[in-house]
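Chemist: Please find one structure pasted underneath; my questions will follow.
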Amino acid sequence: MFLEERHVALGRAVRAFGDEVLAPIEHREDGVDDLARSILRKLGEAGFTRHAVPAAWGGVSESLDVRSLCAIREALAWRMGLADFCFAMQGLGSYPIVLAGSEEQKRRLLPGVASGELAAAFALTEPDAGSDAAALSCSARRVGDEWVVNGRKRFISNAPIFGVMSLFARTGEGNRGVSAFVVEPGTPGVRVEAQEPISPHPIGEVIFEDARLPSSALLGAEGTGFKVALGTLDVFRTTVGAAALGMAQRAQDEAVAHVKGRKQFGAPLAELQGVQFLLADNEVELEAARLLVHRAAWVKDGGAARVTREAAVAKLVATENAQKVIDRSLQLHGGLGVMRGTPVERLYREIRALRIYEGATEVQKLVIARERLKEA
């Protein structure tokens with residue numbers, strides 16, 4: 001009820017792209033950096049990355065259409081978690097530039113993001129500042145016409161392959177002492193150490209050692225970085241829920257096909273009442289999550305300045321429900337479910353990170369409670 005026909009058609013187009021382009025490589029886990037570059041290039045050639053950037057800089061819509069982002073992420077995640085990640089980072093990593101960048105920054109960087117030529121990154125998390133994003137210690141100080149940056153960023157998606165990075169660093173005290181910057185490859189004093197998560201993902205730690213950024217690298221006004229970061233997450237948290245939906249739907253589809261074909265005790269597993277109950281639980285939790293995700297996206301597309309609570313509810317329910325759906329689906333596969341290379345085994349690893357990144361489930365609970373208390 002919250003989607004228009006264009007969103008449904010977009011989802012179908014992405015599913016067709018997945019069937020043709022991604023299906024042959026969906027189980028690959030080697031050479032992740034090169035694989036991610038290849039997938040991003042293909043997404044760009046198909047025109048899907050244009051949805052991550054406003055039309056003025058090579059995108060599709062005048063402003064980002066969150067329901068389109070959700071349709072794309074759900075369809076990509078159904079097929080391949082790495083492909084979903086490649087698309088998602090184009091929006092998350094570049095949106096700070098959309099929100100606060102100068103016309104020169106937008107004109108120079110955003111078209112490359114829209115075409116898939118530049119891989120975007122969002123550098124907020126640190127070794128001692130994850131859920132507590134206000135506790136940043138990575139610092140930037142003015143020295144003449146430059147900013148000198150020192151510190152570390154951890155768990156930064158696309159770090160090993162970034163073409164443009166939105167960096168958040170401390171320039172003063174408190175929330176108003178955080179500023180946003182653009183970092184480009186080849187910046188002196190910047191190096192990346194790759195990290196290896198449980199599912200394929202180009203991710204790493206970014207170390208700044210007297211890194212020198214030009215004064216023009218500042219995004220917006222000094223001290224507005226925390227606001228920019230929250231404004232970005234406010235848009236993209238909903239789309240994390242959409243990705244979780246895609247993964248969970250794939251698991252349910254795999255489970256249904258398996259229990260209809262697998263015979264035990266002289267009949268298909270699908271005829272057992274206990275199996276039917278598990279499938280029914282999956283279906284209910286999928287439908288509930290889908291409505292919340294689509295509603296949050298619809299509210300934002302309707303012109304709401306902020307959708308903090310709606311996005312938090314959608315992400316929390318969708319990711320938590322997806323974890324349960326995938327777990328049940330793996331259980332229904334029996335021993336096959338834990339064999340590497342089967343879709344449900346891969347999904348079991350892929351879904352876990354979604355309950356953590358862009359605000360862990362526990363953080364979403366705090367957000368939801370605080371938004372409710374404001375109304376009391």
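The values are calculated or read from the model by the stated rules, or taken from the named source; none is laboratory data. All of these numbers come straight from a predicted model, not from anything done at the bench. With ideal geometry, Cβ positions are generated from the backbone for all residues, glycine too; neighbour counts draw on all protein chains shown.
Chemist: For the subset of the stretch 358-372 comprising residues that are surrounded by fewer than 20 Cβ atoms within 10 Å (Cβ to Cβ) and under 17 Å from residue 321 (Cβ atoms), which member is nearest to the chain's Cα centre (by Cα)?
Modeler: Filtering the stretch 358-372 for residues that are surrounded by fewer than 20 Cβ atoms within 10 Å (Cβ to Cβ) and under 17 Å from residue 321 (Cβ atoms), the one nearest to the chain's Cα centre (by Cα) comes out as 360.
Chemist: What number of residues within the stretch 297-341 satisfy the criterion of being within 18 Å of the chain's Cα centre (by Cα) and within 30 Å of residue 260 (Cα to Cα)?
Modeler: 7
Chemist: Turning to a different aspect of this structure: Are any of the residues in the stretch 333-349 outside the structural domain of residue 25 (by TED's automatic domain parsing), acidic (Asp, Glu), in contact (Cβ under 8 Å) with a residue 40 or more places away in the chain and part of a helix (DSSP H, G or I)?
Modeler: no
Chemist: Out of curiosity, is residue 207 closer than 20 Å to residue 358 by Cβ and β-branched (Val, Ile, Thr)?
Modeler: The answer is no for residue 207.
Chemist: Hey, could you check the stretch 113-129 for residues that are assigned to a loop (DSSP other than H, G, I, E, B) and under 21 Å from residue 366 (Cβ atoms) and say which is farthest from the chain's Cα centre (by Cα)?
Modeler: Checking each candidate, the answer is 128.
Chemist: Next up: Among the residues of the stretch 23-78, which ones are basic (Lys, Arg) and over 23 Å from residue 241 (Cα atoms)?
Modeler: Selection gives 28, 37, 41, 42.
Chemist: Moving to a separate point now. Just one of 52, 77, 123 is farther than 21 Å from residue 164 by Cα and of a type outside the set (Val, Ile, Thr); which is it?
Modeler: 77
Chemist: Another question, then. Does residue 35 satisfy the condition of being under 30 Å from residue 326 (Cβ atoms), part of a loop (DSSP other than H, G, I, E, B) and modelled with pLDDT of 95 or more?
Modeler: no
Residue by residue, here is whether (1) assigned by TED's automatic domain parsing to the domain that holds residue 298; (2) without any contact (Cβ under 8 Å) to a residue 12 or more places away in the chain; (3) touching a Pro at 6+ places or on another chain (Cβ under 7 Å) holds:
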| residue | (1), (2), (3) |
| --- | --- |
| 197 | no, no, no |
| 203 | no, no, yes |
| 206 | no, no, no |
| 216 | no, no, no |
| 232 | yes, no, yes |
| 235 | yes, no, no |
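Chemist: Within the stretch 250-299, which residues are touching a helix residue (DSSP H, G or I) at 6+ places or on another chain (Cβ under 6 Å), part of a helix (DSSP H, G or I) and not hydrophobic (A, V, I, L, M, F, W, C)?
Modeler: Residues satisfying the conditions are 250, 252, 254, 260, 282, 285, 290.
Chemist: Is it the case that some residue within the stretch 210-224 is modelled with pLDDT of 95 or more, assigned to a helix (DSSP H, G or I) and surrounded by 17 or more Cβ atoms within 10 Å (Cβ to Cβ)?
Modeler: Yes, there is a match, as at least one residue in the stretch 210-224 is modelled with pLDDT of 95 or more, assigned to a helix (DSSP H, G or I) and surrounded by 17 or more Cβ atoms within 10 Å (Cβ to Cβ).
Chemist: Among the residues of the stretch 269-287, count how many are crowded, with 18+ Cβ neighbours inside 10 Å, of a type outside the set (A, V, I, L, M, F, W, C) and closer than 13 Å to residue 332 by Cα.
Modeler: Going through the stretch 269-287 one residue at a time, the tally reaches 1.
Chemist: Next up: Looking only at residues in the stretch 130-171 that are on the phi > 0 side of the Ramachandran plot and part of a loop (DSSP other than H, G, I, E, B), which one is surrounded by the most Cβ atoms within 10 Å (Cβ to Cβ)?
Modeler: 158
Chemist: Quick check on this structure: which one of 291, 330, 316 is touching a Ser or Thr at 6+ places or on another chain (Cβ under 7 Å) and either at pLDDT 95 or above or outside the structural domain of residue 233 (by TED's automatic domain parsing) (or both)? Talk me through it step by step, then tell me what you get.
Modeler: On the way: 291 fails: touching a Ser or Thr at 6+ places or on another chain (Cβ under 7 Å); 330 fails: touching a Ser or Thr at 6+ places or on another chain (Cβ under 7 Å).
None of the other options fit; the residue is 316.
Chemist: So which residues in the stretch 52-62 are touching a residue at least 40 places away in the same chain (Cβ under 8 Å) and surrounded by 15 or more Cβ atoms within 10 Å (Cβ to Cβ)?
Modeler: If the condition is that a residue be touching a residue at least 40 places away in the same chain (Cβ under 8 Å) and surrounded by 15 or more Cβ atoms within 10 Å (Cβ to Cβ), then 52, 53, 54, 57, 58, 59 are the ones that fit.
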